[in-house]
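What follows draws every value from the coordinates through simple rules; no lab data is involved. Predicted, not measured: the structure shown is a model, and the values here were computed from it. Quick reminder, even Gly has a Cβ in these numbers, built from the backbone with ideal geometry, and neighbours come from all protein chains shown.
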Amino acid sequence: MEENNLNRERESESIDIKVLVEKFITRWRWFAVSVPLCLVIALLICQSRVPIYNVTGKVMISDSKKGELGTNVMMKELGLAAADMFVENEIVELQSKNLMREVVEELDLNVRYVREGFLRDRELYNDSPVKVLVDNPGEIRDTSFHVLLDTANLVILMNLDGEKMWSGHYSESVPMGDYNLSIEPNRKVTSKEKIRVDLSSFRKTANSFSGNLNVQILVKNTNSVLVSLKDAVPARGIAVINALVKRYNQNGVDNKRIVSEATVEFINERLDVINQELGTIERRAEDFKKTNKLTDITSDAAFVMERKKQSEAELMKLQTELDVLRSIRAAITQKRAEEFSLLPENLGLSDEGLNAGISRYNEMVLRRGKLLQSASESNPIVIGLNTQLQGLKKNIQETIANVESGLLIKLKSVEKENASVNELLTSVPTQEKQYRDIARQQELKENLFLFLMQKREEAEIAKLIYVATAKIIEDPSAGNAPVEPNKALIMLVGLFLGVGIPVGIILLLEMLNDKVRSVDEVKRSLPFPVLGDIPELSQEEVTLLRENFSLSESMQVVREKLNYMLGEKACPVLLVTSGVPGEGKTLVAAHLAKAYAKAGKKTLLVGCDLRNPRLHSYLHKNYSRGLSAYLAGMEPEWRRLVHLLEDNLSVLFGGDVPPNPVALLSSDRFKTLLEEVRGEYDCIILDTPPVGILADALTMVKQADACLCVVRLNVLPRGVLSSLRVLESEHHVTNCGVVVNGVSRRIHYYKYGYGNYYNKQNR
C-alpha cells in the first residue's frame, strides 16, 4: 500500500514537471526575446565599461639593521620570530596615503584629461593635446570643464552644461576662484578637438589611488614584495609604481640623514663642553709649571714612568668609553618629556650589541613618527611600535648598565696596577707627580676631543653615502589584457538572466495561479473518469451553426464513452454542469446533443440554467418563452416551446429568468416534464447551472442517469474541485464523468491528428 502511494506521488511529481516544461515550451517566444535582449545589454555593458589593468612589479626591500639586542637575536636564532616582520612594517609605509600623496603631487595625477565617447570615455595620459597648469594646486577643489581647441590656437573653456566660461589662447591666465590655471599645448592640434578636464584635490586623488594599491609579501620569510595597482591607463600605473618606490627610498634616506644630523648635534654639544674643560686643564698645567719651575722627568724615573704611561693610557681609554656611555645614558634620561627620541649612533662603543640596539631603536622611532602623520596614537600598529620601543629602550638601559659594570671592573684593575706603579715613584718629587696628574687629565680630554671630532666627521660623511633600501627587481607591467570588466562573466550573467527572467516570471505566475492547469491534475483530483477534452476555441468556433471538426470529434468520443457507461439505457437523461461559470458547460451540452443527433438519436436539449440562460447565444437567436414559462404555469403545453434545429435535434430554451429557479426545478411539474419527454425522445440533455456556486444542479441530479462535469483549464479554481466531489460522496452519483475544456491545441491536435488532417483535406 505504502509503495503504491509512493509511486503515485512520484508520478504526480513527474506530471507536474511535464506540465511546467510544457509551460516553458508554449512560452518560447518569451525566451526568444529575453535571451537576445539580455545578451545585447550585457554586450553594451562590456563595451561601456572602462578597461582596468592590473599593473604589477616586484620589489626587494633590504634590512639596514646590522643586529639587534638581547632576546630578539636569540628568538630569531631559535626560529621563534618571523624573519619578514620588518617587511610587514615597510609594507605599511608603502601603502600609506601620505606617501601616495607625494607621488600624486610629483606626477600631477590630480589633473585628468578625458576624451568623451558614445559608450565610454577614454582617459588620456601622455597623449593629451593640452596640459593644465595650476599656480596653487593645494587649493584645487573638484572641478570639471571642457576645453575646445582648433588649429588657430584658440582655446575655449565651457562648463559641463555647455555654457562658455572663458576664451583666449595658450598660456593665458584663467581665474578659477582660489587659484589660476593656464592651458599649455602638449602636442600639435591638427583638427578641432574637445577634451574634458577633471580637477580634484590631492587628498581625494591619493585616496583613490591608495584604494587600488596592494602590497603583499611575494614569498614567505623573504624581503621581496609584490606591488600591484589597478588603473585604466597602464602607462600611468607603471609611472605611479616607479615613483612610489623612488619616494619610499628618498624618505628612507631622509630618515637616516635625520639620525646622522641628530648624532652630529649631540657630538657638537659634547665638544663644546670638553673644549671648555680642556682649556681649564691647560691653564692649570701652565700655572703649575710657572709656580713650581718644573722641568722634564729625570732619567732615573724613565722606566717607571713608561709603565705608568701605559697604565694611564689604558686608564684613559676606559674612562673615555665610560664617559661616552654615561653621556648616552644621560641623553636617554634627559629627554623624558618626549617619550621616544632619537639617540646618538656610531660613538665608538666596544659593545656591538649596544650599537645595534641604538640603531634599531632610532629606525623604529622614525617609523613611528611617519605613521603618526596618518594615524592616531590609538592605532594598533602605533601601539605595537610603542611596546617594541619601550622594550628596546629597557634593553638599551640594561645593556648600558652591564657595559658600565664591565668597564668599572676593568677600570679598578687598571687603577690598582697604576697604584703599584705610583709606589715606585716615591722618589719622584711630589710636585712632579702633581704635574703628571694634571698632564694626564689634559691628555685624557685631548684624546676625547679628538675622538669626538673623528666621529663627527664620520657622521657628516654618512649623511652623503646612505643607499636606497628598496630595489625594483622586476619592472612594472600591465600584462596583455585588462582584468576588468570580465566580459566572459558578464556575458554569462546576461545569458543566465535571459533564461532566468522568463523562467522566474513563469514560475511566479504558476505560484500565483490557483486554477486547474492540466488534464493530469484533473485526473488526480477527481474520482471521475475523464471522458474527453476540448481544445481552446475562438468565439466564432463555438456556434452550433458552424461545423467544428475537432469539437465534433471530441463530442463523439464523449458520446461513445457515455453509451458504454450507461449500457442499454433507453432514453438516458444526461446532466451537464460545471464548477463555476465560464467553463463551457452550455457549449458541451449543445455539441453533445448534436453528436447524439448525428448518431440517429432523437435528442432534446433542455436549457435548465434559468439564472443565466446562454443556450440561445450559440444559435444566435433569442427566445423569451421557454422552460421557465412552462414550469411557472404560464404555458400549459411544453411541446409548443420546443424548437427543431435540425434532423433529430430539438431544443427547449430556458426563457426569461424567473425569481425562484430552484423552486421551479425541484417542482413536480419538472419531474412530470422529464417523464413525458422520455416517451418522445431517445436522449435528453440538461444544461444546468454550475454546481460549485448554486444548488440548482444538485436538485436535478436524482433525475439524471449520468452527470457530465465540465472543467475548463486555467478557469476553475482548485478549491472548487471539492464541490464536484460531493456528486459522488453526498449525492451518490454513480455515472459521472469529466470533460476538460481549454486544452492546448498542440496537445489536442496531437491526440486527434488524423482527424484534423482529414478535416483540412475536406475544406
Which of the pairs Lys308/Lys412; Lys317/Lys416; Lys561/Lys671; Lys602/Lys702; Lys246/Lys370 have their Cα atoms more than 19 Å apart in this structure? Lys561/Lys671; Lys602/Lys702
Specify the inter-centroid distance of region 179-227 and region 231-292, based on alpha-carbon positions, in whole Å. 36 Å
Which peptide among 124-136, 148-160, 626-638, 227-239 comes first, and what is the full order, when sorted by highest mean count of other Cβ atoms within 10 Å? 227-239, 626-638, 124-136, 148-160
Could you list which residues have their amide H under 5 Å from that of Ile534, counting only those 5 or more apart in sequence or on another chain, with H placed in the peptide plane? Val740, Asn741, Gly742, Val743
How large is the convex hull of the Cα atoms of region 595-724 per residue, expressed in Å³ as a whole number? 121 Å³
Protection proxy ranking, peptides 523-536, 471-484, average beta carbon neighbours within 10 Å, highest first: 523-536, 471-484
Between region 341-383 and region 472-486, what is the C-alpha centre distance in whole Å? 37 Å
Using a simple charge model, +1 on the beta-carbon of Lys and Arg, -1 on the beta-carbon of Asp and Glu, nothing else, what dipole does region 111-200 show about its Cα centre, in debye to the nearest 20? 400 debye
Using Cα pairs under 8 angstrom and six or more residues apart, how large is the relative contact order of region 111-200, in percent? 40 percent
Could you pull out every residue, at least 5 positions away or on a different chain, whose amide H is within less than 5 Å of the one on Arg517? Hs are placed 1.01 Å off N in the peptide plane, and Pro or chain starts have none. Asn714
Based on the alpha-carbon gyration tensor of region 326-413 and its eigenvalue square roots a ≥ b ≥ c, which shape applies: rounded if a/c is under 1.5, prolate if not and a/b is larger than b/c, or oblate? prolate
For region 208-215, take each phi angle, set θ = phi - 60°, evaluate the Karplus expression 6.51 cos²θ - 1.76 cosθ + 1.60, and give the result in whole Hz per residue in order, putting x for glycine and proline. 5, 5, 4, x, 9, 9, 9, 10
How high is the FRET efficiency from Lys671 to Asp514, r the C-beta distance, R0 35 Å, rounded to 0.05? 0.35
Cβ under 9 Å from Lys194's Cβ, Lys194 left aside: what net charge do those residues give with Lys, Arg +1 and Asp, Glu -1? +1
Order the peptides 592-601, 511-520, 164-173 from the highest to the lowest mean number of other Cβ atoms within 10 Å of their residues. 592-601, 511-520, 164-173
Provide the gained length on full extension for the span Glu116 to Arg329, in nm with one decimal, where the gain is 0.36 nm per separating residue minus the Cα-Cα distance. 70.1 nm
List the residues whose amide H sits under 5 Å from the amide H of Leu649, counting only those 5 or more places along or on another chain, with H placed 1.01 Å from N in the peptide plane. Thr603
Sites Arg725 and Lys561 - FRET efficiency at Förster radius 25 Å, r taken between beta-carbons, to 0.05: 0.80
Report ³J(HN,Hα) in whole Hz for each residue of region 698-711, in order, from the Karplus equation J = 6.51 cos²θ - 1.76 cosθ + 1.60 where θ = phi - 60°; Gly and Pro get x. 5, 6, 9, 4, 5, 7, 9, 8, 8, 10, 10, 9, 9, 10
For Glu139 and Leu495, extending 7 Å from Cα along the Cα-Cβ vector and measuring point to point gives, in nm, a value of 5.8 nm
